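One structure below.
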Amino acid sequence: MSNNKDGKKNKNFEIPRPVFPKRAVVTGGMPYGNKELHFGHVGGMLVFADTYARFLRDRIGKENVIFVSGTDCYGSPIAESWRQKNAKGEFKGSLVDFVLQNHEKQKATLKAYAISPNIFAASGLQPAKDFHAEYTKEFLNSLYEKGQLDKITTMQFFDEKAGVFLNGRQVIGKCPVEGCTSEKGYADECDLGHQYMPENLLNPISTLTGETPTMKPVTNWYFKLRDYEGLLKEWVQDMQKRKDIRPVVHKTISEFLKPPVIYVKREFEEKYLELKSTMPEHTYLEEKKKPSFTIEFTTLSDCDEACRILTQNNIRYRTGKTLVPFRLTGNIEWGVPAPDFEDTKDLTVWVWPESLWAPISFTKTYLQQCGEDNEKWKNYWCSKDSTVYQFIGQDNIYFYGIAEPAMWMAQQSSNVKTSNPPEGELQMPVIVANHHILFLDKKASSSGTVKPPMADDLLNYYTPEQLRMHWLGLGLGQRSVSFMPKPYNPDAKPEETDPVVKDGLLLSNVYNRMIRTAFYTTQNHLDSIMPNQLPEENIMNDAKKAVLEYERHMSKFAFHQCTYVLDSYIRNSSKYMAKTLKPDEQSKEELSQTLANLFYMIRIAGILLHPMAPIGTEKLREYLQVDERIWSWDTIFEPLTYFTGNDHKLKFLPPRTDFFTRHESQFAKAEED
């Protein structure tokens, strides 16, 4: 039967099915090259990207899906981490050695969690390094030739005691953006991704000497981001109509599409009124119940001038979220070389911009490795038949939802840009942003006060599939949720159930028992020959309902809803088995029909589980002795005999063999209790 890729009705369904693209790219963010992966990298983003990529491989064909991710090698965070570790004697070797070590550790962690990108590359390591440097030059040259860049001189922090300019992570202060809860503001962005001009950072301190730095002028190239405010608003309007775009995406983007404003503390209102006539034209917004008042400007330059005047007069203020020119270059050595435009020489590209197009570089690298023409990357990134799905955390929406789409629009060959690019131009991505995954009810980060557990360490207590199923069921697409692993929770009571273990019981207890029972019964009563009967009509109808519901939720990235569908379907199938399967009471014909129904249920559940729990489901396929066609949605409703023919013999299942199990430490704990 057809998988109905065009979304039309068919004989199996009364309502249209979701439409999926002919080709797809899935990106899974890029962890920095200065660290191993912590639980947030894996459980907050990469597991979701992997699950959706696996689903699409089954749904539209694995040859049509490229899942790319990699290590973000460049930038001041990596260089500063390497410098500090060298100074403390914690690492010996070059900066490249440092990045390579972390890259290999990240790859090993992904493998341990069964996260399988087509390529996990590294922007500063071969074979992707040369592709990335080449495409970076091509991308920036194109923007320059199209008149999309501005050369701007700004003030950069300078440590007089050390005698050096300070890079982004060598300055620590407080984010000037109103309402920001960031623990750390760096030179021109905070750790929550808010952008601002360096001179607006509050209370700056040099990490090299602990001194307050001065400021000296530097010249860099900036992308004209503010020119795309109108097109970004159009794009947001389109997103608001779509059911597959999470509200956090368009709401966050919209926050930056407002006029520039300054929030001033009430205690300075009288002083402000004295200076009002010296400031650029603006609007005073009366908000009597708030501890600060707001002044709104028409242009960013007017807002910047007002900030300068307020600072000179020692008036405390915070700026609002707004679009600012997007810096593309910098003067740190550890970066991708920037083209030499006009009189600027020896600049490197700031890490955030080049990380946005790194997945394109990685796609080209992957195609080259496959023996394909790497220019085929355009079939995936520039075609209406393809969709790019970008899985990120909500803190990075500014970069992926504002800077990236605006630069994509700017690359259009026509002088008249559009928010709906034509065929052949870089297409707008689908941004799948998860809310924060908290740790023990607190936001954890490597640079914050609450340190997250490393992803590898969690595998000392749980199996990869227990963790995958738990994270997928948290509902991070809707709200921030806390990860509460019992071994890490000092407040957990001994009698309380571990939430991670609890979510894994569906597989390790219920589904595992179904599979084992079906295999052992077939071995004991039918000589391991799988029944030839077709499943009964009511069994097939129940399967079709579950598949349609699962597919609908997956098309909207509602992973937690998919786990609910699976939970209901597997438990109902288990109840059917307990009620119907009576080997010692049934005739051979009755037993064969019951087992035919049961194997069909196991197959349907296995297909729906395959993206989420690939280790156990691949083991199931091995013992069923069928090829990978079993996972294809083109034939999702066919019985197993469609792939095997009649009188198919199953692989012998030894006693006490599990397809899904608990971690060995959990068995030990159960014995202690």
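All of the numbers you see were taken from the coordinates with simple rules; none came from a lab. Quantities reported herein were computed from a predicted structural model and do not represent experimental measurements. Methodologically, a virtual Cβ is constructed for each residue, glycine included, from the backbone with ideal geometry; neighbour enumeration extends over all protein chains shown.
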Give the peptides 642-650, 103-111 in descending order of average Cβ contacts within 10 Å, highest first. 103-111, 642-650
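Between rounded, prolate and oblate, where does the range 546-649 land on the alpha carbon gyration tensor, with a ≥ b ≥ c its root eigenvalues, rounded for a/c under 1.5, else prolate if a/b exceeds b/c? Please list the in-between numbers first.
Numbers: a/c = 2.23, a/b = 1.42, b/c = 1.58.
It is oblate, given that a/c is not under 1.5 and a/b is not larger than b/c.
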Non-local residues with an amide H under 5 Å from the amide H of Val336, with H modelled 1.01 Å from N and Pro and chain starts lacking one, are Val349
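Quick one: Glu36, Glu134, Glu286, fewest Cβ neighbours within 10 Å first, how do they rank?
Numbers: Glu36 17, Glu134 13, Glu286 7.
In increasing order of surrounding Cβ atoms, one gets Glu286, Glu134, Glu36.
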Sort the range 75-184 into rounded, prolate or oblate with this rule: let a ≥ b ≥ c be the square roots of the eigenvalues of the Cα gyration tensor; rounded if a/c is under 1.5, and if a/c is not under 1.5, prolate when a/b is larger than b/c, oblate otherwise. oblate
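Write down the percent of antiparallel bridges among all DSSP beta bridges whose residues are both part of the chain, to the nearest 5.
Working: 39 of 62 bridges.
Here the antiparallel bridges make up roughly 65 percent for the chain.
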List every residue whose amide H lies under 5 Å from the amide H of Lys184, counting only residues 5 or more places away in sequence or on a different chain, with H placed 1.01 Å from N in the peptide plane. Asp191
Each residue of the range 647-657 in turn: what ³J(HN,Hα) in whole Hz from Karplus with 6.51, -1.76, 1.60 and θ = phi - 60°, glycine and Pro shown as x? 6, 7, 9, 7, 5, 5, 9, x, x, 6, 8
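When a/c reaches 1.5 or more, the comparison of a/b and b/c decides; with that in mind, is the range 499-672 rounded, prolate or oblate per its Cα gyration tensor? Present the calculation step by step, with values, prior to reporting the outcome.
Details: a/c = 1.59, a/b = 1.13, b/c = 1.40.
Judged from the Cα gyration tensor, the range 499-672 comes out oblate (a/c at least 1.5, b/c at or above a/b).
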Over the chain, relative contact order from alpha-carbon pairs under 8 Å, at least 6 apart, %: 16 percent
Through the Karplus equation 6.51 cos²θ - 1.76 cosθ + 1.60, θ set to phi - 60°, convert the phi angles of the range 622-628 into ³J(HN,Hα) values in whole Hz; use x for Gly and Pro. 4, 7, 6, 6, 10, 8, 5
From the phi angles alone, apply the Karplus equation (6.51, -1.76, 1.60; θ = phi - 60°) to the range 19-26 and give each ³J(HN,Hα) in whole Hz, x where the residue is Gly or Pro. 9, 10, x, 6, 9, 8, 10, 10
Using Cα positions and a limit of under 18 Å, work out the lysines in reach of Lys417, with same-chain residues fewer than 8 apart set aside. Lys146, Lys224, Lys233, Lys384
Could you tell me the distance between the Cα centroids of the range 178-192 and the range 437-497, to the nearest Å? 25 Å
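Per-residue counts of other Cβ atoms within 10 Å, averaged by peptide: what ranking do you get for 395-401, 272-278, highest first?
Ranked from most to least packed, the peptides come out as 395-401, 272-278.
Taking neighbour Cβ counts within 10 Å as the exposure measure, how do Lys619, Lys582 sort from fewest upward?
On the way: Lys619 15, Lys582 11.
Ranking Lys619, Lys582 by Cβ neighbours within 10 Å, fewest first, gives Lys582, Lys619.
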Between the alpha carbon centres of the range 115-167 and the range 355-427 the gap in Å comes to 17 Å
Reachable lysines, given that their alpha-carbon falls under 17 Å from the alpha-carbon of Lys651 and they are not under 8 places away in the same chain: Lys619
Could you list Leu143, Leu458 so that the one with the fewest beta carbons within 10 Å of its beta carbon is first and the one with the most is last? Leu143, Leu458
Cross-link candidates for Lys265: which lysines have Cα within less than 25 Å, leaving aside residues fewer than 8 places away along the same chain? Lys174, Lys184, Lys276, Lys288, Lys289, Lys290, Lys321
Could you tell me how many degrees, from 0 to 90 and to the nearest 10, lie between the Cα long axis of helix 47-60 and the main elongation axis, the longest principal axis, of the Cα atoms of the chain? 60 degrees
Compute all pairwise cysteine Cβ distances in the chain, then list the cysteines with no distance under 4.7 Å to another cysteine. Cys73, Cys303, Cys307, Cys370, Cys382, Cys562
